[in-house]
């Protein structure tokens, strides 16, 4: 016997169940589907939540509000938390906040709020800072550098073309054609 001769373990493969081949087989006549009704027909299946024609629960309940797909999630950090974890002269950014454990994700937007006091001069490189936090940071001698988010360019919108100056001049010089007077034409 060779090393590479493989076979399925005993009981892993089973014979296909054959139905609808006479009463003597044990699965003839109705082929194991019972007597009559929607479930015995071919293609007679219903969808999840179907209640036999009664108005299903998911349609009886009102649908309120909507989910904003453009919502931006912020990770909030207060000045009192930063005061406790940072030394004077350090840089506060998403990566350092994540390493310290004040935020969970380094690639998510961070906003600094002004709850608490700040006595150390720190450099902040974050996405957003509240007005009260900005005031306290600057009073402590710190700097704030906001991260600019580039807006995606809409490729579907056609670019607006400015009319050529020569074309505008030509339009201005054209004399207007005189329309015949209605009174003269009828007389």
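Coordinate-derived values only; no laboratory data. This one's a predicted model, so the numbers in the text were calculated from it and none came from an experiment. Glycine gets a Cβ as well: all are built from the backbone with ideal geometry, and neighbour counts include every protein chain shown.
Brief remarks follow.
- Using only alpha carbons, the range 66-109 has a radius of gyration to Kirkwood radius ratio (Rg to Rh) of 1.09.
- Label-point separation in nm, residue 149 to residue 17, each point 7 Å along Cα→Cβ: 5.5 nm
- Subtracting the Cα-Cα distance of residue 109 and residue 130 from 0.36 nm times their residue separation leaves 6.2 nm of extension gain.
- Averaging the sequence gap over all C-alpha pairs within less than 8 Å and six or more residues apart, then dividing by the number of residues, gives the range 74-146 a relative contact order of 34 percent.
- Virtual spin-label span in nm between residue 117 and residue 6, 7 Å along Cα→Cβ: 7.2 nm
- Dimensions in Å of the range 1-137 - Rg and Dmax from alpha carbons: 33.3, 92
- FRET efficiency, residue 87 to residue 64 (Cβ-Cβ, R0 45 Å, nearest 0.05): 0.35
- Kirkwood Rh, angstrom, the range 4-47 [1 / mean 1/r, Cα pairs]: 13.4 Å
- For the range 74-146, fraction of C-alpha pairs farther apart than 17 Å, in %: 29 percent
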